[in-house]
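Presented below is the structure to which this report refers.
Each reported figure results from applying straightforward, stated rules to the coordinates on display, with no laboratory input. Note that the structure is predicted; figures quoted are calculated from it, not measured. Note: ideal-geometry Cβ built from the backbone for every residue, glycine included; neighbour counts use all protein chains shown.
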């Protein structure tokens, strides 16, 4: 059965202001951000990206893998301003729209592979946050499939990298900045196509 969903981003900025949401990021998001912002790793981590601790009981319910750190398991995510909005929000618009993180590119949709099939749905709180749902044209199944495949591929690559990091002996004692640094080194060896 094909679900019919209407969606049009109305550029309200609600998704970027939600205090209860964290924009988790992947290795590819880091690579895109550094290239776009023309900053080094130190500046990226001081101004734009942070490590967010996660409670152990929540880890299995989350899409992104947790990174072992000396302070406990954490996620990489975009920093927020004091008012809870994204550090890149300018008015109602994204200041890094061209390179916005995967989570932002796919909002309000989520994707997973079930029994070998790509499936999609709406993010848990999307209907409460996004007034663009129900507006505009019906979302194309083909476009959702293309986006979903990109999301799944990027997330699988990130899971492998984080798993390799976490499986190192005494990974929790290593500085996770080394992990982020390795994303950039990998990008030099294997630049995005």
### Query
Peptides 76-82, 162-168, 63-69: what's the order by average Cβ count within 10 Å, highest mean first?
63-69, 76-82, 162-168
### Message
Run the simple label-point estimate for residue 157 and residue 58 please: 7 Å along Cα→C-beta, distance reported in nm.
### Response
2.7
### Task
Using only Cα atoms, find the angle between the long axis of helix 177-189 and the longest principal axis of the chain, and express it within 0 to 90 degrees, rounded to the nearest 10.
70
## Note on the structure
Of 106-116, 151-161, ordering from highest average Cβ density within 10 Å down gives 151-161, 106-116
### Query
Cα centroid distance between the stretch 68-101 and the stretch 3-58, in Å?
4
### Message
Restricting things to Cα coordinates, could you compute the convex hull volume per residue of the stretch 6-188 in Å³?
### Response
134
### Query
Can you give the extra length, in nm with one decimal, that the chain gains between residue 141 and residue 5 once fully stretched, where that is 0.36 nm per residue apart less the Cα-Cα distance?
48.0 nm
### Query
What is the helix-to-structure angle for 27-37, meaning the angle in degrees between its Cα long axis and the longest Cα principal axis of the chain, kept from 0 to 90 and rounded to the nearest 10?
90
### Task
Enter the angle in degrees (range 0 to 90, nearest 10) between the Cα long axis of helix 141-166 and the first principal axis of the Cα atoms of the chain, meaning the one along which they spread out most.
20
#### Entry: Pairwise FRET efficiency - residue 150 versus residue 128, Cβ, R0 = 22 Å, nearest 0.05
0.25
